[in-house]
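Please treat every number below as a calculation from the coordinates, not as lab data. What you see is a predicted model; the values in this text were computed from it and never measured. Here Cβ is always computed from backbone atoms with ideal geometry, including for glycine, and neighbour counts include all displayed protein chains.
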Amino acid sequence: MPTVAGYEKEYVSRTKRSRAHFEQARKLLPAGVESNVRFFEPYPFYVKRAKGPYIYDLDGNRIVDFALGYGPMILGHNHPEVVKAVKEQVGKGTMYGASPDLAIEYVRMVQKAMPSIEMFRFANSGTEATMHPIRVARAYTGKEKIAKAEGAYHGGHDYALQGVDIPEDMLKDNRNQPSVPYGKGIPKSISDLVVLYPFNDWAATEEVITKNADDLAAVIIEPVQAGGGCFVPRDNYLKKLRKLTKDLGIVFIFDEVLTGFRVARGGAQERYDVKPDLTCVAKVAGGGYQLAGFGGSRKIMEEIVPKVDGNVYHGGTYNAHPVSVAGGLKTLQILSRPGAYKTIDRIGDSLFQGLRDVAEDRDIDVWIESVGSLGQMYFTDKEVVTWRDAIDIDRERWNHWFMYSLGKGVFFGVPHADEHFFTSMVHSEKDIQYALEVSDEAFKRIAKE
Ligand SMILES: Cc1ncc(COP(=O)(O)O)c(C=O)c1O
């Protein structure tokens, strides 16, 4: 029977320089990486450069990239028009302290794509893009608690790192699930301010939100939940939650950090025709540069405007960094060209449908959830609708498929079974076919186990 080591064999033999680099890097960087998510066993590879749908590692391997910077690189790496715009901006200066003139043009592009955004403020990461609007919602409603979905990921601040994972011995009924901090170092008192609801289970969600309505400033949601994989909203779940939060006077926040400008130009709010009160964007919004932001209803966003009787603090040295704004603006301009999302969705569908077909041919039980260019493959024999459906997926099989593919030069996304992967606008049919052939070989071996 093949072992994990068997699946890693080609990766290990092709990444000797990365291995040596890892040995050095781990002396200086915890786990040898700059973000915990980047680490995987036996060691991560290190990147020299990237172009289009490929990244090139230290050993000179060309890797078909379905991680795409964990989301931003929807145009592929180093898109020539984006590079040109960024270079031009670098020539004009990189940090002003005062506002760059391009920022307004950028906000107009965002507003065109997401008309719910009447006013907008810049930030630098998805984490900031969710942290600020939660505070704004508290100020606006005068209430303190927030509700987030079980398993959802909204970044690295203390209020977001709640219920991201729930250890099995702490799992309760999904209508009465206490919040659990994700990792150490988060004050216990924060968990008391966070209510968990189960994405896609409407009856339970309605009960949880209604029961806590008097204390809830905001319900925050990943409208396609990518925390824990990829969970696609069913049965008008988002529309129902929109109506409920409106009726109960709770600010409804769409965290479109991952879905914004990816699942449609106007993100999930366009794709599912739902108007949130506030929206968070990052990733594709910056086209590979550090740009994020949040915005929405003028009445709510005006909580930030300095007032005599106090306002919500919002600042940041690098907000609307001119280079990021130039890169982000060009990216959004390219994405606004006719046919862009038709191409993006077509390429996504051919990979995700191709994987379904290949797995079926090899008699491998998988459930694949996808929306256009975003998706995840779960090794399971059941349908995956809610985060709880994915608790007992076969992570070992996923690791085998992932490692085997990486050894053959295909990087299937964020390197963990509870994450997701993406396609870009520039993956060719040949790239997709290659990824499917490699997956077919991996499935053949897995089927033999
Ligand atoms: C939905 C969502 N929100 C927030 C974040 C945090 O973004 P960042 O890593 O830029 O802080 C992420 C990152 O993956 C995300 O997927």
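Worth pointing out:
- Using the Cβ-Cβ distance between M95 and S336 with R0 set to 30 Å, the FRET efficiency from 1/(1 + (r/R0)^6) comes to roughly 0.60.
- Ordering V308, V37 from the fewest to the most neighbouring beta carbons within 10 Å gives V308, V37.
- A cut-off under 14 angstrom between Cβ atoms defines the neighbours of G339, and their net charge, with Lys, Arg +1 and Asp, Glu -1, is +3.
- Considering all C-alpha pairs of the stretch 195-347, those separated by over 18 Å amount to 64%.
- With contributions of -39500 (n - 2.57) from each DSSP H run of at least four residues, the per-residue ellipticity at 222 nm computed over the chain stands at -11500 deg cm²/dmol.
- Contour minus Cα-Cα distance for R346 and D381 (0.36 nm per residue): 10.0 nm
- Principal axis dimensions, largest first and in whole angstrom, of the stretch 1-71 by Cα: 37, 28, 22
- Least to most buried among M119, M301 (fewest other Cβ within 10 Å first): M119, M301
- Derived from the Cα gyration tensor, the three semi-axes of the equivalent ellipsoid of the stretch 80-335 are 31, 19, 17 Å, largest first.
- Our summary gives the chain a relative contact order of 22 percent, counting only alpha carbon pairs under 8 angstrom and 6 or more residues apart.
- Label-point separation in nm, K243 to R26, each point 7 Å along Cα→Cβ: 5.5
- Ellipsoid equivalent to the stretch 179-266 - semi-axes via the Cα gyration tensor, in Å: 22, 19, 12
- Restriction of the GluC sites (Glu not before Pro) in the stretch 141-239 to DSSP coil positions whose beta-carbon has at most 14 other beta-carbons within 10 angstrom yields E144.
- Coupling constants for the stretch 44-52 follow from the phi torsions by the Karplus curve (6.51 cos²θ - 1.76 cosθ + 1.60, θ = phi - 60°), and in residue order they are x, 8, 10, 10, 9, 6, 8, 7, x Hz; glycine and proline get x.
- Distance-filtered residues of the stretch 142-174 - backbone nitrogen under 16 Å, label point 7 angstrom along S189 Cα→Cβ: 144-146, 158-159
- Taken over the stretch 362-448, the alpha-carbon convex hull comes to 96 cubic angstrom per residue.
- The residues neighbouring E449, those whose beta-carbon lies less than 10 Å from its own, together hold a net charge of +2 under the Lys/Arg +1, Asp/Glu -1 convention.
- Measuring nothing but alpha carbons in the stretch 308-393 and taking Rh as the Kirkwood radius, the Rg to Rh ratio lands at 1.23.
- Ratio Rg/Rh, restricted to the chain and using Cα atoms, in which Rh is the Kirkwood radius: 0.96
- Given their separation in residues at 0.36 nm each and the Cα-Cα distance between them, Q290 and R17 gain 95.4 nm when the chain is fully extended.
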